[in-house]
Every structure is written in C-alpha cells, then in structure tokens.
C-alpha cells in the first residue's frame with residue numbers, strides 16, 4: 001500500500017479512484033464497512049479535534065503507524081493523508097469537494113459513514129456529497145454488534161476497563177499498543193522472567209491494570225499493565241511483556257503488543273515467592289489462552 005500526503009497525490013483521470021473518507025481511529029468494524037472495496041483511503045493526521053478543540057480530544061485507540069498497517073491489511077492500494085492544520089480547518093465543504101475529491105483525487109466513488117461531517121464549521125455532510133454529480137456517493141450505515149452500535153468511544157471504554165476480548169469483537173482484531181522498549185530495574189530478569197518494558201503514551205488508550213494474554217514480536221506474551229504494587233517501585237504506569245518463547249534483546253526497538261484476553265487484576269503479593277508462583281500460573285494460562293484463539 002502506498003502512503004502519500006495529499007499534496008503529492010497525482011490525479012488519475014484515466015483510472016478514477018474509489019475513495020473512503022474518515023478519521024478511522026481504531027479501524028473498527030464500522031470503519032471497515034466504510035472502507036469496503038475502496039482502493040483509496042483518505043484520512044487525517046493529526047486527529048481533527050486536536051486542532052479544532054484540543055480540550056475535547058479523546059485518548060486515541062491507535063497511533064498512525066498501527067492505523068496504516070491495519071488499513072494495509074484490508075487490501076487498500078493507497079492511503080492518502082491530509083495534514084490537518086488551521087489552514088485546512090478553514091477549507092469550505094465546497095472547496096473540499098472541488099479541490100480534494102474532484103481535482104486531486106479524481107474520485108469516481110466516495111464512501112463515508114452516515115455521521116461523517118467535513119468542511120469549515122462541519123457544514124458538509126453525507127447529503128451534500130450525494131448532491132454532487134461528479135462522483136457516486138455511498139453512505140454506509142452504522143454497524144451493530146451484539147445489539148450495540150460500534151463506535152470508537154465505546155471501544156475506548158472497553159479497553160480502559162480491561163475488557164480487551166470484547167473490544168476485539170468490535171474492532172475486528174485484537175487491540176494493539178506499541179512503544180519503545182526501555183530499560184527497567186531488572187526485576188523480571190531476577191525473577192526468571194525478563195520483560196520488555198514500555199512506558200505507554202498518555203495520548204493513547206491503555207488497557208486497565210491487570211495481567212493479559214497477548215502476542216508480541218510474533219510470540220505469546222504474558223503482559224502486566226500497572227504499577228507493580230508488590231515492589232513499590234514508584235515508576236508509574238508500565239506495560240511489561242514477558243515473551244514466552246523469546247530470548248533476544250529488544251532494548252530500543254519498537255514493540256507492538258496485541259492484547260487477547262485479561263487474565264486477572266493487578267494485586268500486591270505478601271512475598272516474592274508468592275508473586276513468582278502466580279507468574280508461573282499466569283504463563284501457563286497465557287499458553288492455554290493463545291492456543292484457543
């Protein structure tokens with residue numbers, strides 16, 4: 001999949017694009033329905049609210065790199081990225097259609113969700129797009145799963161509560177988090193289970209405190225999210241991934257963790273021996289869990 005800034009896109013009058021438009025935070029099942037069979041996805045970076053109303057900006061479900069890779073996995077040929085800034089915020093809905101969709105993208109079809117808004121003051125909507133004759137407009141209805149409408153807001157709440165298994169059913173894939181592996185205090189290595197440690201970015205949703213079955217670096221992983229109360233480390237929130245079948249050095253690398261299921265909550269143990277015994281039980285439970293998935 002090509003990733004290209006909007007200002008570098010070449011018009012294709014001989015092969016007009018089928019374009020899906022959206023912020024697509026999470027690339028959940030509703031977003032996937034919008035993308036459908038589009039060959040081009042048009043998205044925004046940063047999230048428009050970060051510019052329009054930073055105080056209302058939610059924690060996002062995924063950074064751009066994960067969003068890019070998930071969209072690529074849907075078979076999209078081209079990801080076009082609009083740099084959302086104050087200048088773009090002032091672009092009217094009419095100019096967005098004429099300059100971006102028609103002039104730059106030479107769109108033959110445009111796909112949007114039913115609640116999509118665009119242009120200065122959010123004056124453009126699905127009906128406005130339908131009124132244009134330069135392209136066909138497909139307005140995709142919200143998607144319901146298990147009797148609930150799928151939304152990024154709902155999934156953020158599920159992840160924050162630790163219900164990553166249910167979040168995955170709305171996402172269509174496991175919730176993923178990534179970050180640079182940093183040096184810890186070596187406690188996991190001392191206990192016989194060395195961990196790859198990530199300090200989560202506060203701009204993104206992080207699963208609630210607890211121990212999770214996950215995948216990381218292609219390996220099953222037991223992942224602790226929390227503050228390690230047994231040791232009173234005072235280091236703040238940390239994501240610690242013990243990769244069950246990996247012995248290499250990951251320091252300085254970007255590690256992507258895909259959460260499968262929450263095993264238990266984080267708790268303080270009366271002794272190190274009790275903690276180690278529980279860690280071994282956690283590892284066996286993780287192995288059993290990832291085999292089922």
Taking a ≥ b ≥ c as the square roots of the eigenvalues of the Cα gyration tensor, with a/c under 1.5 meaning rounded and otherwise prolate when a/b exceeds b/c and oblate if not, region 174-292 is rounded
Checked region 18-131 with the C-alpha gyration tensor, a ≥ b ≥ c its square-rooted eigenvalues, rounded below a/c of 1.5, otherwise prolate if a/b is larger than b/c and oblate if not; verdict oblate
Computed, not fitted: 222 nm per-residue ellipticity of the chain from DSSP H runs ≥ 4 (each -39500 (n - 2.57)), nearest 500, equal to -6500 deg cm²/dmol
One finds the C-alpha centres of region 74-149 and region 204-224 to be spaced, in Å, by 35 Å
Residues 118, 175 in order from fewest to most other beta-carbon atoms within 10 Å are 118, 175
So for region 40-196, using the alpha carbon gyration tensor with a ≥ b ≥ c as root eigenvalues (a/c under 1.5 gives rounded; past that, a/b versus b/c decides prolate or oblate), I'd call it prolate
Here the gain from full extension of residue 8 to residue 51, 0.36 nm per residue of separation minus their alpha-carbon distance, amounts to 13.2 nm
Between residue 160 and residue 90, the two model label points (7 Å from Cα along the beta-carbon direction) sit apart by a distance in nm of 3.5 nm
Restricting to Cα pairs under 8 Å and 6 or more apart, the percent relative contact order of region 174-292 works out to 33 percent
Per the rule of 0.36 nm per residue minus the C-alpha distance, extending residue 209 to residue 276 adds in nm 22.3 nm
Whole-Å distance linking the alpha carbon centroid of region 259-283 with that of region 1-29 is 45 Å
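Where a number appears in this text, it was derived from the coordinates with a stated rule and is not lab data. None of these values were measured; they are calculated from a predicted model. No Cβ is skipped: glycine too gets one built from the backbone with ideal geometry, and neighbour counts run over all protein chains shown.
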